[in-house]
1. Got at least one residue in the range 430-445 being modelled with pLDDT under 90 and assigned by the TED database to the domain that holds ARG59?
2. May I ask you to list the residues in the range 320-348 that are farther than 21 Å from PRO411 by Cα and touching a strand residue (DSSP E or B) at 6+ places or on another chain (Cβ under 8 Å)?
3. Tell me, which strands (runs of 3 or more DSSP E) lie completely within the range 29-145 with 1 or more residues that are under 30 Å from PHE452 (Cα atoms) and open to solvent by less than 30 Å² (accessible area, probe 1.4 Å)?
4. Quick one: ARG480 ticks every box in (1) surrounded by 14 or more Cβ atoms within 10 Å (Cβ to Cβ); (2) under 23 Å from THR191 (Cβ atoms) bar one, so which box is it?
5. When the range 321-335 is examined, which residues are found to be among the hydrophobic types (A, V, I, L, M, F, W, C) and under 13 Å from PRO97 (Cβ atoms)?
6. Quickly run through the range 394-419 and pick out the residues that are surrounded by fewer than 16 Cβ atoms within 10 Å (Cβ to Cβ) and among the hydrophobic types (A, V, I, L, M, F, W, C).
7. Kindly provide the set of residues from the range 70-122 that are free of Cβ contacts under 8 Å to residues at least 24 places away in the same chain, touching a Leu at 6+ places or on another chain (Cβ under 6 Å) and over 22 Å from LEU354 (Cα atoms), ordered by number.
8. Could you list, ordered by first residue, the pairs with Cβ atoms under 9 Å in which the first is in the range 798-819 and closer than 23 Å to GLU865 by Cβ and the second is charged (D, E, K, R) and open to solvent by 60 Å² or more (accessible area, probe 1.4 Å), at least 6 apart or interchain?
Amino acid sequence: MAPPRRSALLMLLGAIFFFSANVLAAAAVLGVDLGTEYIKAALVKPGIPLEIVLTKDSRRKETSAVAFKPVKGTVAEGQYPERNYGADAMAIAARFPGEVYPNLKPLLGLPVGDAIVQEYATRHPALKLQAHATRGTAAFKTETLTPEEEAWMVEELLAMELQGIQKNAEVTAGGDSTIRSIVLTVPPFYTTEEKRALQMAAELAGFKVLSLVSDGLAVGLNYATSRQFPNINEGAKPEYHLVFDMGAGSTTATVMRFQSRTVKDVGKFNKTVQEIQVLGSGWDRTLGGDSLNSLIVDDMVAQFVESKGAQKISATAEQVKSHGRAIAKLSKEAERLRHVLSANQNTQASFEGLYEDVDFKYKISRPDFEAMAEAHVERLDAAIKDALKTANLDIGDLTSIILHGGATRTPFVQKALEKVVGSGDKIRTNVNSDEAAVFGAAFRAAELSPSFRVKEIRISEGAMYPAGITWNAASGKVQRQRLWTSPSPLGGPAKEITFTEQDDFSGSFYQQADTEDKYVKSFSTKNLTASVAALKEKYPTCADTGVQFKVAVKLRTENGEVEITKAVVECEAEVAEKEGFVDGVKNLFGFGKKDQKPLGDGDKDNSDGASDSTDEAKPEEASSATKSSSTSSTQIGDATQSTDAAKSEIKKKQIVSIPIDVTLEKAGIPQLTKAEWTKAKDRLKAFAASDTARLQREEALNQLEAYTYKVRDLVESEAFVSASTEEERQTLVEKTGEASEWLYEEGDTATKDDFKAKLQLLQDLVGPIQKRIDEAERRPGLITELRNILNTTDLFINTVRGQISAYDEWKATASTKEAESATSSAASETTSNDFEGLEDEDDSSKVTEEKPKEEEVVPPLHNSEEMDGLAVLYKETLDWLNVLEIEQTALPPTADPVLQVSDLIAKRDALDKASLDLALKSFNQYQKNKPKKPTKSKKAKKQDKTKSAEKPGATFEFPEGSVPLSNEEIEELLQQYMKDDEANRAKAEESAKPEHDEL
């Protein structure tokens, strides 16, 4: 059987819902400033513009660290440890130095043998560093998992930190928000491999990277959001600013040009846009807060070794530096001391049992610290000079120097900057040195997202390393060509490369970092040989002019990766140009082409003779001539078609091409295979599931523990004692004690289900007693309420039955009177007079007397059947309440109630529903039988316009935002409405009667 055909409208609505759901899900974006020591994030969401994502401790930045807390006992297969992030991770660094991974950013995209990686291993001796089997980059082995588990890549550990940021951001966004789009900041010195490693970490965390933006440009974006720069169209000169960023891991200087420009807008309007262009950058990869901390740590180790306690145990500097716990303690305290020295001249620290139970006290002054950092100070101006050299500017060309990064607050750093600049006038602190970069990244994320509209700021960032292409020529020589220099703009015009190779070949794109060529992409042609042969075969003249292979390449704006935009093989050949449509129309009307020959004299005579003969043709011969001419012209056209086509083909030289298939693959550090990628994602998902299960277990543990304390208070309360027996209380106390002992002895190894089972056992014992207490508190009020409703219902039934009886009596009396009146009127009509009709009738002189209108009884709104049904419900409820109330009164407080609150509520609701149904039914019947107003004539309507408006009848106004009415309120309003309407009708009838007879 064929499947049912789906409605096109239904499919369209489904597609709209799908895409709108995706747009809403992608509405929130995140900007992340990934620093060496701290990670900061800013959220952009409709209604939340540029808000810093707070940690669970309400801090505005998260320490860049993740830790695995070891479990007690043997680690089972598939069991994952507890993870700590940020400050919580650093808090256990002294206890578990081999399971805390801080400041991982400098290790991204670097092989294990790199000097930076080796320096990191020296500073963290407890970590078990090893090379990844496939990539050769840094990985860390942990003892919190089974030995069979593979080491954690730096990208996986960083992905965990980003997942923690993602959870905090979703909490800040509120609701069920899911954040997937992200913009990350990177140092300007990051190579392609380091950028790929960062993107890999973000994708493992479940993010979609919209773009990477350099730290300096992010600060510049934040600087430009609240400023207007000189308009170059008006002859103004642009501004040049240098962002000096000194963080924990590195120091960078970025020179940027700020200007505005008037461009074409929609229609005839113009608009002014702001522009930021990165002109040059300089850096020092290892100069930062960490390197300054290392100076203090080294001084601490040197003084400790010289102390008396250390000399007694013959401690050496190498031994102390290789001791994980000692170095963790020293590193943590060195960070604090450096911050204190920024505002104070002296400070000190004390260590209890630093190494082999030897205590240590350390003192340091600001002059001592500055003396240790003299070599570092000399390195500060190198970054600034390199940036200015790349930008072809001098210090005097700069408008200002913007400071960013926590290390710029160090006093000797500021002095060194003033010395480099010449004065402190150009040094600015007008941006937030901690959050300017993250706000710039969030602004960039909002700009790239289709969900937001922001101030138009056009940015241009360049590649900080020269790059080019190499390939093996047909001669066997390796060819090399530089394509981009520093700083060539990312996303700029494509570079076109011309190759003379006519056979398939391969090559690579390289990036020159520190005089070393690092291959980033490899390419190979697939159909070059076949395409060249096909081109020569189709266009033989290509062999004479030569065939060329042209490739257009550019750098992507998002991440600086190389991409191929065009690849064709082409040559200049002679191509037959067929007559076009326009030329054919021109020939049809006799205009011809430019090279058409003019007619001769003979041709003119022939044409004239033809025209004369045509003019002399007889009318009767016209039809036959037309037929013969049409057949002959068809034959002539067929005969001359081939010759016309040959004449219309003209040989013309033009460029002909065939597209070439070129494969482009990543080179350099090997990428993860599909299986390895899936395994890494699964490991992170399993870790996340383990965290969720652990949180649920801890919640169940806390609930059980809290309930045991609650039971201890309950058994001593007066209400609980009065509603329970001694045996019940004794059993509850015993079970609670057993649960407390079980928590103390076996709580560490118990599962979530074990805690829930213990909790349920105690709740089953407390539940019945607690129910008696609640029932005893609520029962009296509900009984009183139910009896009031019963009394009201009884009064309503008696009242309506009286109305029904009165109406029946009136109806019988009215029927009798109507019959008597009909009999008397018939008798009077039969008696007549012989002179009847002879007298003149003068209607104006007659006085008619109206008979008084008998009082009419309004029919009742309900009938006897409805009242009988309500009476049955009333009697059943009243009998039930009377019986159970007596039984409940006879029971002791410790017995389970027979008159339960739920039953009282059900009976009350049943009576309410029955009353409301009758009220609604009567109201509908009343509206149906309500007499309609007579239609007025046009004259009456016109007269009504001159009269003053009558007072309106009673109306009920419901204010906006009012809560729904209860059944009782609705019934009361209906009764009031009917009463007021009847009063208005009676008043209208009374006013319509004449006050006296008119003559």
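The values are calculated or read from the model by the stated rules, or taken from the named source; none is laboratory data. Since the model is a prediction, treat every value here as computed from it, not as a measurement. Cβ sites come from the backbone with ideal geometry, for glycine too, and all protein chains shown count toward neighbours. The accessibility values were calculated without ligands, DNA or RNA, using every heavy atom of the protein model including side chains. Shrake-Rupley method; radii C 1.70, N 1.55, O 1.52, S 1.80 Å.
1. Our first condition is that a residue be modelled with pLDDT under 90; within the range 430-445, this holds for 430-431.
Still in the list and also assigned by the TED database to the domain that holds ARG59: 430-431.
Yes: one or more hits.
2. Of everything in the range 320-348, those that are farther than 21 Å from PRO411 by Cα and touching a strand residue (DSSP E or B) at 6+ places or on another chain (Cβ under 8 Å) turn out to be VAL320, HIS323, ALA326, ALA328, LYS329, LEU330.
3. Working: elements: 29-34, 38-45, 48-52, 65-69, 82-85, 100-102, 128-131, 138-141.
Those strands (runs of 3 or more DSSP E) span 29-34, 38-45, 48-52.
4. The number of the failed condition is (1).
5. The answer is ALA326, ILE327, ALA328, LEU330.
6. ILE395
7. Within the range 70-122, just VAL117 meets the criteria.
8. TRP810/GLU855; TRP810/GLU856
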